[in-house]
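Structure record follows, encoded as structure tokens.
The values are calculated or read from the model by the stated rules, or taken from the named source; none is laboratory data. The structure displayed is predicted, hence computed values, not measured ones. FYI the Cβ positions are ideal-geometry reconstructions off the backbone, even for glycines, and counts take in every protein chain you see. The accessibility values were calculated without ligands, DNA or RNA, using every heavy atom of the protein model including side chains. Shrake-Rupley method; radii C 1.70, N 1.55, O 1.52, S 1.80 Å.
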Amino acid sequence: MELKDKLVSSFLAFENKGGLDLDSNVHELRLKAIQNFENQGFPSKKDEEWKYTNLKPLLKNDFCLFPETKNPVGYKNIREYLINEIESYTLIFVDGVFSSFLSDTTHEECDVCVLSSALTKPKYKMVIDNYFNTIAKENNSLAELNTAFTKEGAFINIPKNTIVPKPIQILYFSTGSENEVLLQPRNLVVVGENSHVQIIERHQNLSKNTTFTNAVTEIFAHKRAIVDFYKIQNDTNASSLVDSTFVSQKQQSVASVHTYSFGGKMTRNNLEFYHEGEHITSNLNGISILNGKQHVDNHTLVNHKFPNCESHELYKGIYSDKSAGVFNGKVIVQQAAQKTNAFQQNNNILIDDGASINAKPQLEIFADDVKCSHGCTIGQLDESALFYMQSRGIPKKEAKALLLFAFGNDVVEKIKIPQLKSRITKLIAENLGVQLGFDL
Amino acid sequence: MLSIKNLHANINDKEILKGINLEIKAGEVHAIMGPNGSGKSTLSAVIAGKEEYEVTQGSVILNNEDLEDSAPEERAHKGIFLSFQYPVEIPGVTVTNFIKTAINETRKAKGQEELPAKDMLKLIREKADLLEIDRKFLSRSLNEGFSGGEKKRNEIFQMAMLEPKLAILDETDSGLDIDALKVVANGVNKLKSKDNAVLVITHYQRLLDYIVPDFVHVLHNGKIVKSGGKELALELEAKGYDWLK
Amino acid sequence: MSKFTEDDLKKELETKEYEYGFYTDIEADKFPIGLNEEVVIAISKKKNEPDWMTEWRLKAFKVWKEMKEPEWANVHYKKPSFQDISYYSAPVQKPKLDSLDQVDPELLKTFEKLGISIDEQKRLSNVAVDIVVDSVSVATTFKKTLNEKGIIFMPISEAIQEHPELVKKYLGSIVPQSDNFYAALNSAVFSDGSFCYIPKGVTCPMELSTYFRINEGGTGQFERTLVIADKGSYVSYLEGCTAPQRDENQLHAAVVELIALDDAEIKYSTVQNWFPGGKDGKGGVYNFVTKRGLCEKNAKISWTQVETGSAVTWKYPSCVLKGDNSVGEFYSIAVTNNYQQADTGTKMIHLGNNTKSTIISKGVSAGKSQNSYRGLVQVGPRTKNARNFSQCDSLLMGDQCGAHTFPYIEAKNKTAQIEHEATTSKIGEDQLFYCNQRGIDTEKAIALIVNGFSKDVLNKLPMEFAVEAQKLLEISLEGSVG
Ligand SMILES: Nc1ncnc2c1ncn2[C@@H]1O[C@H](COP(=O)(O)OP(=O)(O)OP(=O)(O)O)[C@@H](O)[C@H]1O
Ligand SMILES: [Mg+2]
């Protein structure tokens, strides 16, 4: 049976079996979502937005939709994937199920807990009704699919005037209890007025089996809120990820999403920013360092609807072997959005023959008093710089790594958590294939 | 020639000029000095007719004609020239093309024929030589990538081309080295006659050594607080502005 | 206030009549409307074409019937009904002309109004002109001078008769019949256009030029241009386009193919001034054009276009850089005003090693118009040392218009070096005040600034046409700062 049919036909069983409340608004949303998904199906290369990323091979797998964990996961299995050097709240999910044993949640100053309970507890009904699935796009069939099967994920609800004292780490693990597993986690993040939060998210396959994660995150930043969201993507070569993250911002808020893609077989990041007020700042940073046959597609949208807002987008890519990168950055400046300042830059380096990059930096401007620019480059390492370094005794491999590191450095520099910064630096060094001998 | 009476002007509802009175007669050189933000550039922009500024009281009269209803280009046609403190860049438009357009538009406004290309070229060369401007410079985009000094020299070159009745030089000396200063001052002096007048805005005495003013005015907080002869400039240089407050 | 305000400018702009909007009363020999196999055959018959040509057309028609009109461009319009168009309209006149004296005097007057009186051209400038009205080439000047050098410059209908081997070899070789919807339609029904062949090693001593004009109402114009520059030759070619003002939309679907063999260079310039439609968006030409050039070794093709006309423009002059060291260039200014829509750009396909391309695209949008740049830079996996530089700048006037950039960049070889930059800006108040202060009024100041903005492209036009192009920019834009 085709995956689409399988999904559609197991929807009823999912809702009934899952102990989900069938009278709730969420049930209505699920129902509508599965219908939308059924109508749209999975995107194909014929869709302009999927021109350079082919889902077909992935969808051929016979995915298990509701995996069960056979081998229990302990702290020692996951330790290396946590940033231990900092105190943090942690939300840990194994095969789609929350592990309270491994996690560290809170309800004190703010709610850092799980979506499943938020969806059912009356206490959270208002929040769910006001926010859940309000910005995930209906024309994104994969997001619709996620909505239909929404059950578990992170629920972060921060009231007004709260500075969350430590970062929040969200980790999704897959144990590969079946040969092919589909996971659909769902996060909801609501950040109140004047509040500040830092979140780190990661998806990790602990086995050699195939996983396909179809994740959706909705983030709401209220007036003057500051949100930093870091995505670490360094999964195994049997893991694929479609991540759809939607950010809605109110006036004077600052939201930043950082995406570090080093691993995974196929990764598609949909990242969309919607403005609901003036003087908003949106930051989008990304770095992809790929090798083998990896494929990463960064698809971003910043929709400027109000005057006096800013967006800064910086994506870098280093592609080795037969890896493929895609960058599609869309910036829309609507008629009312005068005095917009939108900046976008995408720089790429192709290391090997066989590596490729497809870039489509796209500007759609309907207002005249704006400052918008985009730049896109594809090139190689500066041979003369390489030679200079070699002549000073630095071996070619190290010299190359150093130059590549420098190339990506301005993205890394934007990380505000020092421990995370050094972790990312280490990952970059690993991925560039050199020992960490330098600390820039 | 120019008569400013009780001039009040606002920008963004903030009053910057608070009752300026100034009489400039043909053949005279006036200097305006004053601390930063006192309104010197504002005064020059209001005389030139910049629309962002709202004249709330008083008048600017040029040769017995109230300028209230005149657009900036009409004022230019009537002989007002403003050398900008910060000249504006116009990418892709060469110095030559720009000045050619300016001259011909002014001639057109006066009901004259366009200047034949040959005469135009001759005039441009003559004035460029006067200001020791390199020919190559003339085919560069207007003010784009010009150094501070080049921008100012180019302003005076345009002034030489347009031969205004009243030239307002807003800090034309800033950014000029001493040699350039002499060249520019020399250019201005060559153009001076019984029939025109110059209003020099500056912070430094040194320009006034070359362009010698008949009158010096001190502008402070939107008002002329003191006027005097050229020795006032020396006094200001020595004592600063504080004693005038 | 005596100041000429921006509102005044807007008003004047709105009432500005299309300067070239007149209609010549020449008797036309026009086909009944509609398109089917018989019409295709009839067109071919009318032109006395050999069988291979008729077959070629029919093949194109077959493909076209199966195709759908493309919808991916960023333009919105009521699709023309292809059965309501007459596919052939020729001014009635003696079939063969020996000299200009035999040209219909009405027609000559038309040219004079266009400012391209052939006599004038002949006397004053070094330009050979072929003129296509509605669908038929009516005159080619300078034939003799060109003949001496072995240069062939004639209507393509004649070339089919006189140089079938060349036409057969190259027609459709770069833009095949099945390339796209409009190209297929053109291949089936094209009635005339220009043909040009420059022999080996010859530098064409003068600009070659074609003027296209749609005259008759309810007709479509489908010209076909084929330019072949043999090894080591050089030619500079210019096309100009105008159409009278009409309430209904007129369709123009041309195909241009350029072939630059080893070491040859073709410079192809277009000044497009089809009727853009009224200020209310009524009428105007639909301009759906396929232009493509092929570069062999060390060859160079340079497209320069000044696009001020048409209600809807859909046009991507492209270069296939097949030979090593070949060079492709695209310089474009597209100005849109009122309800005009333009979706234009280029494709640079790098196949040969050390190939280079440059793209400079300037878009100016005013009124309620939409102006899009759409471009593709492609470097194949076996292409070494390809270089591209692209610069796309947009200038917006007023908050009712839009400027869009859709660049596609595809690199599959590590030695590729590609740089793309895009900016958006508006005319600054301080720039206008500076000009005003020097005695230049706002309208003139805008023209000056836009000219400066477009300079990198205007500079690429042949001298004779740069001035005309500059004037066109002014006419199509006057005012419109918002
Ligand atoms: N657009 C504006 N909005 C608000 N205030 C303004 C504006 N432009 C000028 N001003 C204010 O007007 C005052 C006078 O400015 P102006 O430029 O005339 O001073 P100035 O005497 O020329 O100073 P300087 O010696 O630094 O050139 C300053 O306080 C300045 O901040
Ligand atoms: Mg000043």
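Observations
- Test: B:Val93 is away from ligand 1 (no atom under 15 Å from the Cβ) and touching a Leu at 6+ places or on another chain (Cβ under 7 Å): yes
- A:Val326 being touching a residue at least 12 places away in the same chain (Cβ under 8 Å) and closer than 17 Å to C:Thr423 by Cβ: no
- The stretch B:55-85, subset out of contact with any strand residue (DSSP E or B) (no Cβ under 6 Å at 6 or more places or on another chain) and without any contact (Cβ under 8 Å) to a residue 12 or more places away in the chain, residue farthest from ligand 1 (Cβ to nearest atom): B:Asn64
Per-residue answers, yes or no, for (1) open to solvent by 10 Å² or more (accessible area, probe 1.4 Å); (2) touching a helix residue (DSSP H, G or I) at 6+ places or on another chain (Cβ under 9 Å); (3) in a strand (DSSP E or B):
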residue: C:His404; (1), (2), (3): no, no, yes
residue: C:Glu410; (1), (2), (3): yes, no, yes
residue: C:Asn413; (1), (2), (3): no, no, no
residue: C:Glu419; (1), (2), (3): yes, no, yes
residue: C:Gly439; (1), (2), (3): no, yes, no
residue: C:Ile446; (1), (2), (3): no, yes, no
residue: C:Phe453; (1), (2), (3): yes, no, no
residue: C:Glu474; (1), (2), (3): yes, yes, no
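- Check on B:Leu162, in contact with a Lys or Arg (Cβ under 8 Å, 6 or more places away or on another chain), within 12 Å of another protein chain (Cβ to nearest Cβ) and either open to solvent by 40 Å² or more (accessible area, probe 1.4 Å) or away from ligand 1 (no atom under 16 Å from the Cβ) (or both): yes
- Test result for B:Thr106, within 21 Å of B:Leu169 (Cβ to Cβ) and assigned to a helix (DSSP H, G or I): yes
- Which numbered condition B:Phe81 misses (of (1) more than 15 Å from ligand 2 (Cβ to nearest atom); (2) open to solvent by 70 Å² or more (accessible area, probe 1.4 Å)): (2)
- B:Ala180 satisfies every condition listed in (1) assigned to a helix (DSSP H, G or I); (2) within 14 Å of chain C (Cβ to nearest Cβ); (3) more than 16 Å from ligand 2 (Cβ to nearest atom) except (2).
Yes/no per residue for (1) within 14 Å of chain B (Cβ to nearest Cβ); (2) over 25 Å from A:Leu381 (Cβ atoms):
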position: C:Thr405; (1), (2): no, yes
position: C:Lys412; (1), (2): no, no
position: C:Gln431; (1), (2): yes, yes
position: C:Asn436; (1), (2): yes, yes
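- In the set (1) open to solvent by less than 10 Å² (accessible area, probe 1.4 Å); (2) without any contact (Cβ under 8 Å) to a residue 40 or more places away in the chain, C:Met348 fails one condition alone, (2).
- Selected residue [touching a residue at least 12 places away in the same chain (Cβ under 8 Å) and within 10 Å of chain A (Cβ to nearest Cβ)] from C:Lys362, C:Lys426: C:Lys426
- Candidate set: the stretch A:81-120, residues that are charged (D, E, K, R) and modelled with pLDDT under 90; chosen: the one farthest from A:Gln198 (Cα to Cα): A:Glu108
- Residue pairs whose Cβ atoms lie under 6 Å apart, sitting 6 or more positions apart in sequence or on different chains, and linking a residue in the stretch A:370-392 that is within 14 Å of another protein chain (Cβ to nearest Cβ) and farther than 21 Å from C:Ile409 by Cα to a partner that is modelled with pLDDT of 85 or more and surrounded by 13 or more Cβ atoms within 10 Å (Cβ to Cβ), are A:Val370/A:Val333; A:Val370/A:Thr340; A:Lys371/A:Asn341.
- Within the stretch C:377-402, the set of residues being open to solvent by less than 40 Å² (accessible area, probe 1.4 Å), assigned to a loop (DSSP other than H, G, I, E, B) and at the interface with chain A (Cβ under 7 Å from one of its Cβ atoms) comprises C:Met397, C:Gly398.
- The residues of the stretch B:138-159 that are in contact with an Asp or Glu (Cβ under 7 Å, 6 or more places away or on another chain) and away from every other protein chain (no Cβ under 14 Å) amount to a single one, B:Gly149.
- Residues that are within 16 Å of ligand 1 (Cβ to nearest atom), away from chain C (no Cβ under 14 Å) and open to solvent by less than 40 Å² (accessible area, probe 1.4 Å) do not occur anywhere in the stretch B:105-122.
- Checklist (1) touching a helix residue (DSSP H, G or I) at 6+ places or on another chain (Cβ under 7 Å); (2) crowded, with 17+ Cβ neighbours inside 10 Å applied to A:Tyr52, failing item: (1)
- Odd one out for B:Glu68, checked against (1) outside any strand (DSSP E or B); (2) closer than 27 Å to B:Arg140 by Cα: (2)
- Every pair of residues 6+ apart whose Cβ atoms lie under 8 Å, when the first sits in the stretch C:183-202 and is on the phi > 0 side of the Ramachandran plot while the second is of a type in the set (Val, Ile, Thr) and in a strand (DSSP E or B): C:Gly193/C:Val132; C:Gly193/C:Thr210; C:Gly193/C:Thr225
- Count of the stretch A:309-323 residues, restricted to those that are in a strand (DSSP E or B) and buried (at least 22 other Cβ atoms within 10 Å of the Cβ), is 7.
- Every test in (1) closer than 22 Å to B:Lys151 by Cα; (2) under 20 Å from the mean Cα position of the chain (by Cα) is passed by B:Asn97 save one, and that test is (2).
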